[in-house]
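Here the structure is laid out as structure tokens; the discussion comes afterwards.
The values are calculated or read from the model by the stated rules, or taken from the named source; none is laboratory data. Please read these numbers as outputs of a predicted model, since none were measured by experiment. Using ideal geometry, Cβ is built from the backbone for each residue, glycine included, and neighbour counts are taken over all protein chains shown.
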Amino acid sequence: MTLTEKILARAAGKAHVQAGDNVWVDADILMTHDVCGPGTIGVFKREFGQNAKVWNKDRVVIIPDHYIFTCDPKSNRNVDILREFVREQGITYFYDVIDDPAGSWRFDPAAGPVKRQHGSHYAGVCHVALPQKGHTRPGEVLFGTDSHTCMAGAFNEFATGIGNTDAGFVLGTGKLLLKVPATMHFRLEGKLQPGVMAKDIILHLIGEIGFDGATYRALQFSGSGIPHLSMDDRMTIANMAIEAGAKNGIFPFDGRTAEYVDSRTRLNGTKTTYDPVEPDPDQNFVFEHVIELDKLEPTVACHPDPARRRLAKELGHVKLDRAYIGSCTGGKTSDFVEFARILRGKRVAIDTFGVPATPEIVHELKSTRWGGKPVWEILVDAGVHLTENPGCAACLGGPLDTFGRVNSPLKCISTTNRNFPGRMGHKESQVFLASPATVAASAVAGRIVDPREYS
Amino acid sequence: MQAVIQGPVYVVGDNIDTDQIIPAEYLNLVPTIPEEYEKLGAYALCGLPQDLYPVRYVQEGKLDSVYPIVIAGKNFGCGSSREHAPIALGSAGCKVVVAESFARIFFRNSVATGELYPCESENRICDKVKTGEVAVVDLDACTLTVSNSGKVFRLKPLGDVRPVVDAGGLFNYARLAGMISGEARPKANQPGNRTA
């Protein structure tokens, strides 16, 4: 069996499953957020009754992160709906925006979007908060009401995005009917060259198989390149499995996985035990492909879909209006550090917005010093509009007052994961997806450039 | 729901993602709150670029569309897992999307909510029909017939998903099948099936 088949077989209580089987699997964790949580709760109450209880109050993780720092009253209300449900159900893991469990959340526009407005429990973007708060474990099944839930495949688990109705079903029963996906195998061999990042691997891969090239399938990674990839790198890659249509993406378990998961579960007092899945000798793959990491170059996905692959060096004619660094796939500490490495001592030539994924990342950027200067300050000095309010922000446009939202027909280069028409706001705007290094260098040049010319 | 769906078609191309079906700024609407469910319908497909799609799926100021049938190319519904996407279409009065292929989560959400039938066509249709032409989708015969020209296109059978959509979604189906307890909600009371 493949890694995905092994996890699903275990979660279904079966000795063996294969691609195409429909099986009922037990969920280890169900995650929801402010955009899909209220609807999921609505489905749960409509179907199981007003007084129904969730199947397991320790396994439902609720992380408001999407439309938080906005004056939109419905968005503020949606965070309050989550809080009310958590209180009623006694849910253990809720990363609220405010500290008062009886309060209500209102964004203060007078205080502005940059200065911190959240309380001490807030955890930021769910897909980065889940591992940081100790909710990702090898061998487990994670469902989330968000398509980028597949990011947790970095931790050797089965993780996939589901809709409100399916999530309402899981809330009530802890189970979901799944079709076992066929697995596509990608061997990542060798090592990335300087200036080339994990984002370039996944943009290259999506360009190879196409934007729907993995629909209904699992992506499984292996190869000599894996030990060189940090957990942040693996998360960047697994995050965008959905951008090729995949149900999930999954990495093998190794020492780095164990080190991350063990430290995070201990730190947060979450469940510390887990059972990783190791590859079998007799795996059935529907597709096999080798990516030689040494040969990859800085890569860009051009508007309007993530498979419009070009090399950064071929796009020097594309003049830009804006640059953006943030989101689950591209707003981690390592992303900002690479961004700062390129920007250090330089100035951006175009409007550049930075939204760290989580408060912990804000803290790390403020406390990591280069030559006595915090990385945060290096970025600000280079002209980046940085906010202390982490979240999904302009990655998906959001309400009109969202920080960094593209509100006119601009060309924006971004470390995020989607570039469909209108994704970051205005319907006629264009988004180019690239690594933090490429986005930083392009922000300095005002056009798309290969970051290796700027390091 | 009915086995035959007749009416004017709305035609779109490939890779229509969930941001084009329901732009993210409207995700503050909660689909299980009835007024907000209705409002989602008003925004269905409003993220399509105007230059490519000068005719809107739902006219400005209206809650419902005049097109019960949407015809699409490849990879319809790709992108986010937002259930708001099939719900917005269903709320606007869409009964069936006929596409060359669907993205996984959109397909599943269509079935789980029972909002619409996601039908795959055997061949590409979206280049051969124009928005506003009247067609008939026959789910039993697995055909889409264009009324004026009489042209017939084959659809792939819906198989196991048809009875789930017929029942009005996953929960109703599971109750009717005895998989979970309780009575199925009457379909007339379910948002999205008010005109069914």
Return a yes/no flag: does region A:433-455 have any residue that is within 14 Å of another protein chain (Cβ to nearest Cβ) and buried (at least 23 other Cβ atoms within 10 Å of the Cβ). yes
Out of A:Ala15, A:Ala19, A:Ala52, I need the residue that is at negative phi and either in contact with a strand residue (DSSP E or B) (Cβ under 6 Å, 6 or more places away or on another chain) or crowded, with 17+ Cβ neighbours inside 10 Å (or both). Which one? A:Ala19
So is A:Glu428 among the acidic types (Asp, Glu), surrounded by fewer than 20 Cβ atoms within 10 Å (Cβ to Cβ) and away from chain B (no Cβ under 11 Å) or not? no
Please go through (1) in contact (Cβ under 8 Å) with a residue 40 or more places away in the chain; (2) touching a helix residue (DSSP H, G or I) at 6+ places or on another chain (Cβ under 6 Å) for B:Ile16 and return the number of the only condition it doesn't satisfy. (2)
Residue list for region A:142-183, filter: more than 9 Å from chain B (Cβ to nearest Cβ), crowded, with 24+ Cβ neighbours inside 10 Å and closer than 30 Å to A:Asp294 by Cα: A:Cys150, A:Met151, A:Ala152, A:Gly153, A:Ala154, A:Phe155, A:Asn156, A:Glu157, A:Phe158, A:Ala159, A:Thr183
Look at B:Ser181 and say whether it is assigned to a loop (DSSP other than H, G, I, E, B) and more than 15 Å from B:Val9 (Cα to Cα). yes
For B:Gly169, only one of the following conditions fails: (1) more than 13 Å from chain A (Cβ to nearest Cβ); (2) without any contact (Cβ under 8 Å) to a residue 60 or more places away in the chain. What is its number? (1)
What residue, among those in region B:89-104 that are more than 14 Å from every other protein chain (Cβ to nearest Cβ) and in a loop (DSSP other than H, G, I, E, B), is farthest from B:Thr145 (Cα to Cα)? B:Gly93
Any residue in region A:215-228 that is away from chain B (no Cβ under 14 Å), in contact with a Ser or Thr (Cβ under 8 Å, 6 or more places away or on another chain), modelled with pLDDT of 95 or more and outside any loop (DSSP other than H, G, I, E, B)? yes
Looking only at region B:38-88, filter to residues that are within 14 Å of another protein chain (Cβ to nearest Cβ), in a helix (DSSP H, G or I) and out of contact with any Gly (no Cβ under 8 Å at 6 or more places or on another chain); which one of those is nearest to A:His426 (Cα to Cα)? B:Leu40
Any chance B:Gln20 is polar (S, T, N, Q) and more than 8 Å from chain A (Cβ to nearest Cβ): no
Suppose we filter region A:114-132 for residues that are assigned to a loop (DSSP other than H, G, I, E, B) and surrounded by fewer than 23 Cβ atoms within 10 Å (Cβ to Cβ); how many remain? 7
Only one of (1) outside the structural domain of A:Ser414 (by TED's automatic domain parsing); (2) surrounded by fewer than 22 Cβ atoms within 10 Å (Cβ to Cβ); (3) under 20 Å from the mean Cα position of the chain (by Cα) does not apply to A:Ala307, and that is (1)
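Results for (1) surrounded by 24 or more Cβ atoms within 10 Å (Cβ to Cβ); (2) farther than 20 Å from A:Gly39 by Cα; (3) modelled with pLDDT under 95, shown as yes or no for each residue.
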site: B:Phe76; (1), (2), (3): yes, yes, no
site: B:Pro86; (1), (2), (3): yes, no, no
site: B:Leu89; (1), (2), (3): yes, no, no
site: B:Cys94; (1), (2), (3): yes, yes, no
site: B:Val98; (1), (2), (3): yes, yes, no
site: B:Phe107; (1), (2), (3): no, no, no
site: B:Ser110; (1), (2), (3): yes, no, no
site: B:Thr113; (1), (2), (3): yes, no, no
When you go through B:Glu133, B:Glu115 one by one, which is the residue that is touching a Pro at 6+ places or on another chain (Cβ under 9 Å) and more than 29 Å from A:Arg217 (Cα to Cα)? B:Glu133
